[in-house]
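Readers should treat all values here as calculations from the given coordinates under stated rules, not as data from a laboratory. Predicted model only: the values in this text are computed from it and were never measured. Cβ placement follows ideal geometry from the backbone for every residue including glycine, while neighbour counts extend to all protein chains displayed.
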Amino acid sequence: MTRRASKIVCIGRNYRGHAAELGNEVPAEPLIFLKPPSALVGDGDAIVVPQGVGRVDFEGEIGVVIGRRARRVGEAEALAYVAAYVPLNDVTARDLQRKDDQWTRAKGFDTFCPVGAPVDAAGLDPRTLAVITRVNGAERQRGSATELVFGIPFLLAYVSGIMTLEPGDILATGTPEGIAPIQPGDVVEVELVGLSTLRNPVVAEGAEARGA
Ligand code: MG
C-alpha cells in the first residue's frame, strides 16, 4: 500500500452462504466492525497465531481502497471515491469472536489483516470481481461481487454516512462461505481472480521471533 490506512472498515455476514454456515441470518442493514491499522501486513508476510487463542480462521475478501475523502457520498457517485481493489484476509480468532459481544479482540490481533497488491480501480467494474481462497493450494472459498448482499456502492454510501473515509482507508466487503481454521505451517492465498494474489504463511507466536 502506498498510503497508510486510518481505519479498516469490515462488513460481516454479507454473503448468504457464509451467514448460514455460522448459523446467522443476513442482516437487514450492513453489519460493520473495525480492524486496527496495526493488523495490516503485506503479501508474503507471516500471519502470526497468538498463544492460547484457540481456533483461527481465514476469511478471503474483496477489499476496496479509498482514493478521495468520502463523507456522505451517494451510491451513484460512490465508485469515484475508490482508488483500488485488493485481495484481503480478514483473519479471525473464531473462539474469541463467539465469546465476546463485539469482535475487536477476535479481529484485531497484529498480522490479522493481510492485504495484497492493489489493482487500479480505473475502468474496472467491481461487479466483475471475484475472490478465491486457497490453503496449501487447495481451493476453500469462492465468491463473486455479484453475490454480495450489500454491493460496493451501497456500502460506500452507507459507511461514509457514519464516518468519513480517508484516502488509504480500506473497506472489507465480507467473506463467502467455506471459512475454516488455519494452522502454523499453512500457506493461505487470497486471489482477486486474475488480478492480484495475496500469499501468507502462518506461523505460531514466538516462531517468527526465532526466524522460523
Ligand atoms: Mg470478514
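Does E166 fit the bill of being among the acidic types (D, E) and without any contact (Cβ under 8 Å) to a residue 60 or more places away in the chain? The answer is no for E166.
Entry remark, segment 105-130: residues being in a helix (DSSP H, G or I) and more than 14 Å from the ligand (Cβ to nearest atom) number 4 in total. Filter segment 127-148 down to the residues that are touching a residue at least 60 places away in the same chain (Cβ under 8 Å), surrounded by fewer than 20 Cβ atoms within 10 Å (Cβ to Cβ) and within 23 Å of A28 (Cβ to Cβ) and list them by number. Once the filter is applied, which keeps residues that are touching a residue at least 60 places away in the same chain (Cβ under 8 Å), surrounded by fewer than 20 Cβ atoms within 10 Å (Cβ to Cβ) and within 23 Å of A28 (Cβ to Cβ), segment 127-148 yields A145, E147. Mind checking which residues of segment 81-108 are free of Cβ contacts under 8 Å to residues at least 24 places away in the same chain and surrounded by 13 or more Cβ atoms within 10 Å (Cβ to Cβ)? Hits for segment 81-108 are Q97, D100, R105, A106.
All of (1) closer than 21 Å to Y158 by Cα; (2) out of contact with any Gly (no Cβ under 7 Å at 6 or more places or on another chain) hold for V48 with one exception: (1). Show the residue pairs that are 6+ apart or on different chains and have beta-carbon atoms under 8 Å apart, the first residue being within segment 43-61 and free of Cβ contacts under 8 Å to residues at least 60 places away in the same chain, the second being among the aromatic types (F, W, Y). From residues that are free of Cβ contacts under 8 Å to residues at least 60 places away in the same chain, the pairs are V53/F109.
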